[in-house]
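K.L.:
Below are the structure tokens for one structure; questions will follow.
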Amino acid sequence: MRHIKLVILFLSLLIMTNCEKKKEDLVNLTTDAKIVGFVTEKCYCCWGWVINVGSTTIKADSIPGLSPLENIIFPVSARITIGEKTRDCAGYKIDMEVLPDYYEIKNCTIIK
């Protein structure tokens, strides 16, 4: 009887810990987004496009159809398709702020 109680306790703990809210899965998501800037610093996890997807900030090395050399007035509303994560920046911080992860941007349509 004691073993059954331990098994039930173990399963209950396992179920409760797996019910935590997981970070939004962005891979293969097509959604509205705001492109809020382009960072020109060449440090690891610094350089690139800064994109707000809902309450999450991500970065991308490139966005199809956009060039950082263009005169862009930020923020830019767009509909994007997000591909695979290309760089995990969770371990990097600047001024105590964790840097956003990088994703491939497969498609981008500017919303005017």
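The values are calculated or read from the model by the stated rules, or taken from the named source; none is laboratory data. Bear in mind the structure is a predicted one, so any value in this text is a computation, not a measurement. Here the Cβ is made from the backbone with ideal geometry for all residues, glycine too, and neighbour counts use every protein chain on show.
K.L.:
Name the pairs whose Cβ atoms lie under 9 Å apart, with the first residue in segment 36-61 and on the phi < 0 side of the Ramachandran plot and at pLDDT 95 or above, the second of a type in the set (Asp, Glu) and assigned to a strand (DSSP E or B), and 6 or more positions between them or separate chains?
P.N.:
Going by the 9 Å Cβ cut-off, the qualifying pairs are VAL53/ASP32; ALA60/GLU104; ASP61/GLU104.
K.L.:
Would you confirm whether or not segment 81-100 contains a residue that is within 15 Å of VAL50 (Cα to Cα) and aromatic (Phe, Trp, Tyr)?
P.N.:
no
K.L.:
If you scan segment 74-104, which residues turn out to be within 21 Å of THR31 (Cα to Cα) and of a type in the set (A, V, I, L, M, F, W, C)?
P.N.:
Passing the criteria: PHE74, VAL76, ALA78, ILE80, ILE82.
K.L.:
Do you know which of the residues in segment 60-79 that are surrounded by 18 or more Cβ atoms within 10 Å (Cβ to Cβ) and in contact with a Lys or Arg (Cβ under 8 Å, 6 or more places away or on another chain) is farthest from ILE111 (Cα to Cα)?
P.N.:
Among those that are surrounded by 18 or more Cβ atoms within 10 Å (Cβ to Cβ) and in contact with a Lys or Arg (Cβ under 8 Å, 6 or more places away or on another chain), it is VAL76.
K.L.:
Looking only at residues that are assigned to a strand (DSSP E or B) and over 10 Å from the mean Cα position of the chain (by Cα) in segment 88-103, which one is surrounded by the fewest Cβ atoms within 10 Å (Cβ to Cβ)?
P.N.:
Within segment 88-103, the match that is surrounded by the fewest Cβ atoms within 10 Å (Cβ to Cβ) is GLU97.
K.L.:
For segment 15-35, what are the residues that are out of contact with any Asp or Glu (no Cβ under 7 Å at 6 or more places or on another chain), surrounded by 10 or more Cβ atoms within 10 Å (Cβ to Cβ), aliphatic (A, V, I, L, M) and modelled with pLDDT under 95?
P.N.:
The answer is LEU26, LEU29.
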